[in-house]
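Single-structure report; data block below.
The values are calculated or read from the model by the stated rules, or taken from the named source; none is laboratory data. From a predicted model like this one, the values you see are computed outputs, not experimental measurements. As a convention, Cβ positions derive from the backbone with ideal geometry for all residues, glycine included, and neighbour counts pool all protein chains shown. Ligands, DNA and RNA are stripped out before the accessible areas are found, and what is left, the full protein with its side chains, is counted by its heavy atoms. Shrake-Rupley method; radii C 1.70, N 1.55, O 1.52, S 1.80 Å.
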Amino acid sequence: MQWYKEDLAYIHDAGYGNHARQSAAAILDIWAENRLPKGLIVELGCGTGLSSLAFAEAGYDVLGVDISQSAIAIARTRVPKADFRVQSLFEVDIPSCCAVTAIGEVLNYLFATDGDRAERIGLFNKIYNALIPGGIFVFDIAEPGQVQSEKAVQEFTEGEDWVVLVEKEEDRDRAILSRRIVTFRQVGEYYRRDEEIHRQRLYRAIDLAKELRQTGFEARIARGYGDYLLPPSRRAIVAHKPR
């Protein structure tokens, strides 16, 4: 299976990049407040490199990881000095670094995982061991309550040369959100159609914060990154490795 293929990666970059930009700006403020030293930043689910560019321009070295080949291709063009890898965030080796990010509900996606708790704890341990003392792991998640209706809901968004239609449905018993995404992108005279189905396991932030603390982190839950607030039923978690 492939996700965020060429057209969806392009549309996500062109029409949905504001979250990455605003999150990155606010995260830089968090790092500054905590006097994080300049060094390597590891971005899990880096997408098309919008946040990578902000971190690189701020003087950090960047290693970006994403499962989408098309997104990584855009990121490599946008931030040529950064190191980008096409790989699952659960499989990548994380080198010693000063911070790890996962912006955009990255941990929720069931792309190369079934959301198994042991796998998630393994990732938290890997991140903890890779971070320098005082290092920071910051990410956001989607919680239950993404779809208020008992039935599937539909919405669409359009740009200059693209249209995307999304059908969302939430299985509340299993805490699974399903998105059927149909894209139309103009290629020459005509529009090309593509379709992807994304599934997310919805977590409660309080549960993940508990797991992080059991790993050794000092973790706090927030409505967003600093002054940048996330949409409803989404939370940010900032986890510090003790000095």
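Odds and ends about this structure:
- Positions within region 68-89 being in contact with a Leu (Cβ under 6 Å, 6 or more places away or on another chain) and of a type in the set (A, V, I, L, M, F, W, C), in sequence order: Val79, Leu89
- Residue tally, condition surrounded by 19 or more Cβ atoms within 10 Å (Cβ to Cβ), of a type in the set (Gly, Ala, Ser) and either touching a helix residue (DSSP H, G or I) at 6+ places or on another chain (Cβ under 7 Å) or free of Cβ contacts under 8 Å to residues at least 60 places away in the same chain (or both), over region 134-174: 1
- If the condition is being of a type in the set (Asp, Glu) and assigned to a loop (DSSP other than H, G, I, E, B), then region 214-238 contributes only Asp227.
- Screening region 5-113 for strands (runs of 3 or more DSSP E) wholly inside it with 3 or more residues that are open to solvent by 20 Å² or more (accessible area, probe 1.4 Å) returns the ranges 83-86.
- The single condition from (1) open to solvent by 20 Å² or more (accessible area, probe 1.4 Å); (2) in contact (Cβ under 8 Å) with a residue 12 or more places away in the chain; (3) not charged (D, E, K, R) that Leu131 fails is (1).
- Inter-residue pairs, beta-carbon under 6 Å, first in contact (Cβ under 8 Å) with a residue 60 or more places away in the chain and in region 8-33, second polar (S, T, N, Q) and assigned to a helix (DSSP H, G or I), 6+ apart: Ala9/Ser70; Ala20/Ser51; Ala24/Ser51
- Residue tally, condition under 20 Å from Ile121 (Cα atoms) and open to solvent by 20 Å² or more (accessible area, probe 1.4 Å), over region 175-198: 1
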